[in-house]
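Working notes, beginning with the structure itself.
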Amino acid sequence: MIKTALKYFIVIFVSVISIQIHAIEKPDSIKTNAKNKSGKLDNFVFGGSIGLMFGSITLVDVSPTVGYFVTPKTLMGLGLTYQYFSQKWYDKRISSNIYGGRIYHEYVIYDNFGTRTRMKSNFALYTHIEYEALSMDRDFSDNTNFGKINRFWLHGILPGGGIKQMIGKRSSLNVSILYNIIHDSRSPYDNLVLRIGFYI
């Protein structure tokens, strides 16, 4: 099931890239491309999310990303993830180190939301889909096993969407809600997945 879903995602992902590149590579755009060659670096955005939580449950989440605006509304990107998780369970404490990566695609379906509604802040609505792979050292579905196990890979395909508050031409604060269609009980988090991050 995972292999089949992953194959479908790769086909869709590559198709979207091809369509977007074809859409912007017009014959009469050669001069424009040459003129703006040095400005292509402006299409890159860097960001991600940082999460900290302490107490009976300790969580440290560092997830940097880098994206490229293929078109003004289409963003393709890569990301890395590191999470440290620790939880007190009766008289014991279990911990885990999780790391991995993701590839993602975002498309703005409605921008200038704030301007059109006469709000002081400008917002945009967007769709999001990503493939994520996490290296796990614990099965979170088994609360009776306090020892770490051999590492295994956990795969996920997460479609969804969100809202971003624009704070510049490319910079924004983002809130996304995603659903993992390959939900695995061994996962460290539940569906739905809430993400809060930023781009600069």
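The values are calculated or read from the model by the stated rules, or taken from the named source; none is laboratory data. Worth saying up front: this structure is predicted, and the values here are computed from it rather than measured. Using ideal geometry, Cβ is built from the backbone for each residue, glycine included, and neighbour counts are taken over all protein chains shown.
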State which residue is nearest to Ala124 (Cα to Cα) when the search covers only segment 52-78 and only residues that are among the small types (Gly, Ala, Ser) and touching a residue at least 40 places away in the same chain (Cβ under 8 Å). Gly67
Which one of the conditions (1) surrounded by fewer than 14 Cβ atoms within 10 Å (Cβ to Cβ); (2) modelled with pLDDT under 90 does Phe85 fail to meet, given that it meets all the rest? (1)
Quick one: which of Gly100, Gly77 is modelled with pLDDT of 85 or more, part of a strand (DSSP E or B), small (Gly, Ala, Ser) and more than 19 Å from Tyr199 (Cβ to Cβ)? Gly100
Could you check segment 113-200 for strands (runs of 3 or more DSSP E) lying wholly inside it with 2 or more residues that are modelled with pLDDT of 85 or more and either touching a helix residue (DSSP H, G or I) at 6+ places or on another chain (Cβ under 8 Å) or more than 20 Å from Thr65 (Cα to Cα) (or both)? 122-136, 152-166
How about segment 80-91: which of its residues are in a strand (DSSP E or B) and not hydrophobic (A, V, I, L, M, F, W, C)? Thr81, Tyr82, Gln83, Tyr84, Ser86, Gln87, Lys88
Subset of segment 33-70, residues at pLDDT 80 or above and either under 11 Å from Gln83 (Cα atoms) or outside any strand (DSSP E or B) (or both), comes to Leu41, Asp42, Asn43, Ile50, Gly51, Leu52, Thr58, Leu59, Val60, Asp61, Val62, Ser63
